[in-house]
1. Does residue 85 fit the bill of being hydrophobic (A, V, I, L, M, F, W, C) and touching a Gly at 6+ places or on another chain (Cβ under 7 Å)?
2. Are any of the residues in the stretch 33-43 touching a Ser or Thr at 6+ places or on another chain (Cβ under 8 Å) and under 27 Å from residue 127 (Cα atoms)?
3. Which members of the stretch 13-46 meet the condition of being in a strand (DSSP E or B) and open to solvent by 20 Å² or more (accessible area, probe 1.4 Å)?
4. Collect the residues in the stretch 48-58 that are assigned to a loop (DSSP other than H, G, I, E, B) and open to solvent by less than 30 Å² (accessible area, probe 1.4 Å), keeping them in residue-number order.
5. Just one of 103, 113, 61 is modelled with pLDDT under 95, of a type outside the set (Ser, Thr, Tyr) and assigned to a strand (DSSP E or B); which is it?
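The values are calculated or read from the model by the stated rules, or taken from the named source; none is laboratory data. Just so it is clear, the model here is predicted, and its values are computed rather than measured. All Cβ positions, even for glycine, are placed from backbone atoms using ideal geometry, and neighbour counts span all protein chains on display. Surface accessibility is based on the protein's heavy atoms, side chains included, excluding ligands, DNA and RNA. Shrake-Rupley method; radii C 1.70, N 1.55, O 1.52, S 1.80 Å.
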Amino acid sequence: MVNWNFNANDYEEKSFKPIPAGDHRVRIVDAIEKQSRAGNDMIEVTLEVSGFNSKVWYYLVLKKDDVQKTNQKLGEFWSSFGIPMGNFALNTWKGKVGGAKLVHEEYEGNTSVKVAYLLNKDRQEKLAAWREPTVNNGASQFEEVTPSDLPFDF
């Protein structure tokens, strides 16, 4: 049995709004190897968004039946984050800053934030410098969207 003296006065219900759609600086928090629902190898990249205490996910799906498209996506990813081409040492990706176009997507009456595509270095030059997340009374200001919330298969 849990022994805890809960005080309801310490609880405050929070409301969250999604990150605004548009171009944003993003930083790699984590990258892990996984399998997509369709059975393809993939890399799930967890991203922080500049100025927000929230995360979004980007998926590098390695499709053996579409090598050219997969190589294009990998090249765009490495270029956006300044990672040497061909570097699959995922632990070296952490902390790298790049850019992404974020869009809003409606699913079952809720708005979620999704990476539409990554920005090349030229488009990133127009973005403000990286800002650490903002916090309001100890709570994040924006909703975190988890991979299980996404309505699609890879």
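1. Working: hydrophobic (A, V, I, L, M, F, W, C): yes; touching a Gly at 6+ places or on another chain (Cβ under 7 Å): yes.
So residue 85 passes the test.
2. Our first condition is that a residue be touching a Ser or Thr at 6+ places or on another chain (Cβ under 8 Å); within the stretch 33-43, this holds for 42.
Still in the running and under 27 Å from residue 127 (Cα atoms): none.
No, the stretch 33-43 has no match at all.
3. Narrowing the stretch 13-46 to residues in a strand (DSSP E or B): 17, 22-35, 41-46.
Those that are in a strand (DSSP E or B) and open to solvent by 20 Å² or more (accessible area, probe 1.4 Å): 17, 23, 24, 25, 27, 29, 30, 32, 33, 34, 35, 41.
4. Here is the first cut: in the stretch 48-58, the residues assigned to a loop (DSSP other than H, G, I, E, B) are 50-54.
Correct list: 50, 51, 52, 54.
5. Values: 103 fails: modelled with pLDDT under 95; 61 fails: modelled with pLDDT under 95.
The match here is 113.
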